[in-house]
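The values are calculated or read from the model by the stated rules, or taken from the named source; none is laboratory data. Being a predicted model, the structure only gives us computed values, none of them experimental. Here the Cβ positions follow ideal geometry from the backbone for every residue, glycine too, while neighbour counts run over all protein chains shown.
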Amino acid sequence: MAGKPLLVDTDVFIDYLRGISPACALLDSDEFDIYYSSWTRKELLSKPGLKESERQRVEALLRGFRVLPVTDAIAERYWLLLSKYESLGLRQADAIIAGTAWQRKIPLLTRNQKHFRFIAEIELAPVYPLN
């Protein structure tokens with residue numbers, strides 16, 4: 001991998017799995033080094049009613065990218081962000097993703113910009129249009 005690092009949120013992988021063109025183009029591009037949180041893997045694989053074929057498709061997709069486990073350093077940033085921004089609506093799962101982006105100094109790509117835009121500690125990557 002030789003592209004720009006990018007932390008991808010769960011919703012972008014869902015778009016890819018649904019065949020949304022901009023998500024497919026981005027994840028299939030060599031322009032970015034794609035990372036994802038181990039929490040994203042958990043979210044994708046814990047969908048109620050997930051069929052075995054869907055689970056295999058998710059796992060095959062994720063194998064193409066780099067997983068970032070929730071380390072002690074990320075957990076510390078999670079707590080800092082949650083204590084600072086919970087009153088603005090920051091949810092625990094989003095705080096884990098934001099803590100990962102902050103600790104690793106990687107821009108976050110998410111379509112849920114409203115969940116993250118108030119977090120000064122992270123950089124949000126421009127979101128792709130859904131045409």
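Out of Leu81, Leu7, which single residue is in contact with a strand residue (DSSP E or B) (Cβ under 8 Å, 6 or more places away or on another chain), of a type in the set (A, V, I, L, M) and surrounded by 12 or more Cβ atoms within 10 Å (Cβ to Cβ)?
Checking each option against the conditions leaves just Leu7.
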Self-check item: Complete set of residues in segment 35-74 that are in contact with a Gly (Cβ under 8 Å, 6 or more places away or on another chain) and either exposed (fewer than 13 other Cβ atoms within 10 Å of the Cβ) or under 13 Å from Phe13 (Cα atoms) (or both)
Solution: none
Practice problem: For residues that are within 19 Å of Ser37 (Cα to Cα) and either out of contact with any strand residue (DSSP E or B) (no Cβ under 9 Å at 6 or more places or on another chain) or at pLDDT below 95 (or both), tally how many sit in segment 49-63. | Solution: 8
Quiz item: What are the residue pairs meeting all of these: first residue in segment 94-110, first residue among the acidic types (Asp, Glu), second residue assigned to a loop (DSSP other than H, G, I, E, B), Cβ atoms under 7 Å, and 6 or more apart or on different chains?
Solution: Asp94/Phe116
Practice problem: Scan segment 15-28 and report the pairs whose first residue is surrounded by 17 or more Cβ atoms within 10 Å (Cβ to Cβ) and whose second residue is charged (D, E, K, R), with Cβ atoms within less than 7 Å and a gap of 6+ or a chain change. | Solution: Ala23/Asp15
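Any idea which of Gln113, Gln92, Gln103 is out of contact with any Phe, Trp or Tyr (no Cβ under 7 Å at 6 or more places or on another chain) and buried (at least 18 other Cβ atoms within 10 Å of the Cβ)? Full working, then the answer.
Working: Gln113 fails: buried (at least 18 other Cβ atoms within 10 Å of the Cβ); Gln92 fails: buried (at least 18 other Cβ atoms within 10 Å of the Cβ).
Within the list Gln113, Gln92, Gln103, the selection yields Gln103.
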